[in-house]
Amino acid sequence: MRFSGHETFSIREGWLHKGLSMLRDEPDKLFDEHAADYLGVGTNMAKSIRHWLQATGMADRDPNNRGKLIITSFGECIARNDIFFVEPGTWWFLHINLINEPIYADTWGWFFNRFNFERFEKATVVENLLQYVRLADSRVPSIKTLERDVTCLLASYARQVPSDHKDPEEARDCPFRELGLMTYYKTSGYYQIHRRYKNLDPNVFAYALSKAFKDDQAGTGAIDISIYDAVRKTGGPGRAFALDSESLFEVALKSEERCDDRSVSIVGHAGSQMIRVAEKQPAEWAEQYYIAINREVYNAV
């Protein structure tokens, strides 16, 4: 299991734009001794940017050049369609990637897939993570390492109430906070996960389904997924979007309404209702999302 790597920094506004642009256009500069200067950040922040590029699936290790990174097909998709990271769907894609293949962010994968508390203090997260690591891995990191990871995760997603506008860091909040998954109540010291309906683009919803149920795709054109499985599957929409059965079904219904081609629909199967989703790779759903966004912009003009 792997922890830290982010140098205690959650993703900041503009970081991924800088990192992805450099990775695409001048990849050698990312590991240059002056990389921090090129990126306009501190040395540890430059390391953090490289970490997050890999953790979110936009970069991978170069098999032909040890210690260097190459842009992935997913990274190319983002670079072509949303290089400035302004679309909400982009951040959902990054979040879904983090919890589905948490090679560089085990705490993220564990928290969203296994930690089932809705209201909690930070100490509760650390204690439960420690218990999990002890059972899952013989190499247990120090408690300080786990605490730093949990602090970074919570800072990435939790909106603070009341908001402290006097904090100079407030203007550089992690964009994951805009997903509306978590709130931190400063007065009580408690965090709250929001397991409720979220207004999701159907392509984002389908992206999460295709990531989590990729082994179920067998060339039949579509797959049927039960609400139960969609809620509980590791990395699936229930885990990624913090949805219970009722709110996930509502998201599925809204997705069906918005899909003219019925690529996402609700069907009856063996006496129960299932989500039927077209058999596509995650990258195809991402591309379709951006095509739809561009079409909406064109029609608006």
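The values are calculated or read from the model by the stated rules, or taken from the named source; none is laboratory data. Everything numeric here is computed off the predicted structure, so don't read it as measured data. Note: ideal-geometry Cβ built from the backbone for every residue, glycine included; neighbour counts use all protein chains shown. Side chains included, ligands, DNA and RNA excluded: accessible areas come from the protein's heavy atoms. Shrake-Rupley method; radii C 1.70, N 1.55, O 1.52, S 1.80 Å.
When residues of segment 69-119 are filtered for being open to solvent by less than 30 Å² (accessible area, probe 1.4 Å), touching a residue at least 40 places away in the same chain (Cβ under 8 Å) and of a type in the set (S, T, N, Q), how many remain? Total meeting the criteria: 3. Put simply, of Asp229, Asp201, Asp244 the only residue that is modelled with pLDDT of 95 or more, under 16 Å from the mean Cα position of the chain (by Cα), open to solvent by 20 Å² or more (accessible area, probe 1.4 Å) and not aliphatic (A, V, I, L, M) is Asp201. Name every residue in segment 232-255 that is touching a residue at least 24 places away in the same chain (Cβ under 8 Å), assigned to a helix (DSSP H, G or I) and touching a strand residue (DSSP E or B) at 6+ places or on another chain (Cβ under 8 Å), in order of residue number. Of everything in segment 232-255, those that are touching a residue at least 24 places away in the same chain (Cβ under 8 Å), assigned to a helix (DSSP H, G or I) and touching a strand residue (DSSP E or B) at 6+ places or on another chain (Cβ under 8 Å) turn out to be Phe249, Ala252, Ser255.
Considering segment 204-226, and only residues there that are out of contact with any helix residue (DSSP H, G or I) (no Cβ under 7 Å at 6 or more places or on another chain) and hydroxyl-bearing (Ser, Thr, Tyr), the residue that is modelled with the lowest pLDDT turns out to be Thr220.
Taking segment 1-37 as the range and being under 24 Å from the mean Cα position of the chain (by Cα), surrounded by fewer than 19 Cβ atoms within 10 Å (Cβ to Cβ) and either more than 30 Å from Val133 (Cβ to Cβ) or free of Cβ contacts under 8 Å to residues at least 12 places away in the same chain (or both) as the test, the residues that pass are Glu13, Gly14, His17, Lys18, Ser21, Arg24, Pro27. Screening Asp173 with (1) more than 28 Å from Phe85 (Cβ to Cβ); (2) modelled with pLDDT under 95; (3) open to solvent by 30 Å² or more (accessible area, probe 1.4 Å) gives one miss only, at (1).
The residues of segment 38-63 that are open to solvent by 30 Å² or more (accessible area, probe 1.4 Å), free of Cβ contacts under 8 Å to residues at least 40 places away in the same chain and over 19 Å from Cys77 (Cα atoms), listed by number, are Tyr38, Gly40, Gly42, Thr43, Asn44, Met45, Pro63. So, Ile96, is that one of a type in the set (Val, Ile, Thr), more than 30 Å from Thr187 (Cβ to Cβ) and in a helix (DSSP H, G or I) or not? When the stated conditions are applied, Ile96 passes them. Would you confirm, using the coordinates I've provided, whether Arg66 is closer than 29 Å to Leu23 by Cα and open to solvent by 10 Å² or more (accessible area, probe 1.4 Å)? Judged against the criteria, Arg66 is a match. Residue-level check: of (1) under 21 Å from Arg2 (Cα atoms); (2) part of a loop (DSSP other than H, G, I, E, B); (3) modelled with pLDDT of 95 or more, Phe117 misses just (1).
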